[in-house]
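Notes for the one structure printed next.
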């Protein structure tokens, strides 16, 4: 279905046409609609065209309109919308967008993008007074390893196999891997790299904060036929996964004090309500692979959530809580 272009975008088409010729109203309408059709956009009528011409004039275009003896539209002198500076409202909006972007990204951006944003921010800060903050993000401490992001991003994009030295928390010494990188994923302000382990031909997940060093490998890159990035994490919370496990039905009892929280912000998108109890508690069902992050999420609710099924998970949570309680005796 064709899309409707905004006046600004149609004005850019008009600007290009008017900068290179004289047009009657019908000719101009025909050429504009030809270009819109080429872009799979909805065509416009003469009334809309006149409004777009008015918009051009508001932007400072030296528009010549039809008069007796010259029934064409054109520019009286050289002009281009591309040369029109941003007005204060546009600069203010752009400044707010940049401030939001800088708070969202907790990793080093690609050098080219960072340079562009730096130039824009410098111009905006020198032309528009500071505004009151209207969006504030949660501030986290930055995890180590974020400086690897740009290089790893390029390796995935360019399909480059890597030799990686990785120091897991479980081992005293770093271990070397040959990895075919496929995906960078963020979870709770940490970045993770997923790819094919050359030795096992299985998916390997590495935390960027534990990568010691890496370089381009001599191994030929193998394309990703192990998982689909858009669906791979549909049945898991976080990133850690035992790839031999299957999702299980997990039944939780949410105590009344936590019901509104769990209903307004589900534990996972697969969460389904089962029934409400007479005491106000809520029984919910999840279908997930049981992993560290799932258990941490449940424990984070304290006595607000009770695991009913499966019994293996219930017993594991119970054991963790008993150990925790013993530390406070």
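With respect to the conditions (1) more than 30 Å from residue 286 (Cα to Cα); (2) surrounded by 12 or more Cβ atoms within 10 Å (Cβ to Cβ), residue 237 falls short on a single one, namely (1). Suppose the filter is exposed (fewer than 15 other Cβ atoms within 10 Å of the Cβ), in contact with a helix residue (DSSP H, G or I) (Cβ under 8 Å, 6 or more places away or on another chain) and not assigned by TED's automatic domain parsing to the domain that holds residue 171; does residue 223 pass it? Taking the combined requirement at face value, the residue does not satisfy it.
Being in a helix (DSSP H, G or I) and modelled with pLDDT of 90 or more is the filter here; which residues of region 36-55 pass it?
Selection gives 46, 47, 48, 49, 50, 51, 52, 53, 54.
When 282, 194, 252 are checked against the criterion of being outside the structural domain of residue 301 (by TED's automatic domain parsing) and either at pLDDT 95 or above or surrounded by 11 or more Cβ atoms within 10 Å (Cβ to Cβ) (or both), 194 stands alone in meeting it. From the list 291, 224, the lone residue that is in contact (Cβ under 8 Å) with a residue 24 or more places away in the chain, under 30 Å from residue 201 (Cβ atoms) and touching a strand residue (DSSP E or B) at 6+ places or on another chain (Cβ under 8 Å) is 224. For residue 257, the requirement of being in contact (Cβ under 8 Å) with a residue 24 or more places away in the chain and assigned to a strand (DSSP E or B) is not met. Being under 30 Å from the mean Cα position of the chain (by Cα) and farther than 30 Å from residue 196 by Cβ holds for only one residue in 229, 273, and it is 273.
The single condition among (1) in contact (Cβ under 8 Å) with a residue 40 or more places away in the chain; (2) outside any helix (DSSP H, G or I); (3) touching a helix residue (DSSP H, G or I) at 6+ places or on another chain (Cβ under 7 Å) that residue 298 does not meet is (2).
Condition check ((1) at pLDDT 95 or above; (2) within 19 Å of the chain's Cα centre (by Cα); (3) crowded, with 19+ Cβ neighbours inside 10 Å) across all residues:
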residue	(1), (2), (3)
174	no, no, no
182	yes, yes, yes
185	no, yes, no
188	no, yes, no
244	no, no, no
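The values are calculated or read from the model by the stated rules, or taken from the named source; none is laboratory data. Computed from a prediction, not measured in an experiment: that's the story for all the values here. A quick note on method: Cβ atoms are made from the backbone with ideal geometry, for glycine too, and the neighbour counts reach across all protein chains shown.
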